[in-house]
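Please read the structure below before turning to the comments.
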Amino acid sequence: MVSLVTGATGLVGFHIVHALRRAGHRPRPLARDAAKARRLVGADFDIVTGDVTDAASVAAALAMAS
């Protein structure tokens, strides 16, 4: 299962991303800055560039996640 996770570079989102991975899911962090997200959550995640305040980027990220 693929899960789109917003806020993955924050304290709670970071832990959610890693908990989903441990549970066998394929989380896709949504981040404004992919390079920062890779440094924070790890390079082995498929990071989607976008911003929760931009409806078009969220729609594109959701389309990629399904």
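Bear in mind that the values in this text are calculations on the coordinates, not laboratory data. Everything numeric in this text was worked out from a predicted model, so none of it was measured. Note: ideal-geometry Cβ built from the backbone for every residue, glycine included; neighbour counts use all protein chains shown.
Of all residues in the stretch 30-66, how many are surrounded by fewer than 12 Cβ atoms within 10 Å (Cβ to Cβ), under 19 Å from Leu11 (Cα atoms) and in contact (Cβ under 8 Å) with a residue 40 or more places away in the chain?
Matching residues across the stretch 30-66 total 0.
Six or more apart or on different chains, Cβ atoms under 8 Å: show the pairs whose first residue is in the stretch 8-29 and in contact (Cβ under 8 Å) with a residue 24 or more places away in the chain and whose second is assigned to a helix (DSSP H, G or I) and of a type in the set (Phe, Trp, Tyr).
From residues that are in contact (Cβ under 8 Å) with a residue 24 or more places away in the chain, the pairs are Ala8/Phe14.
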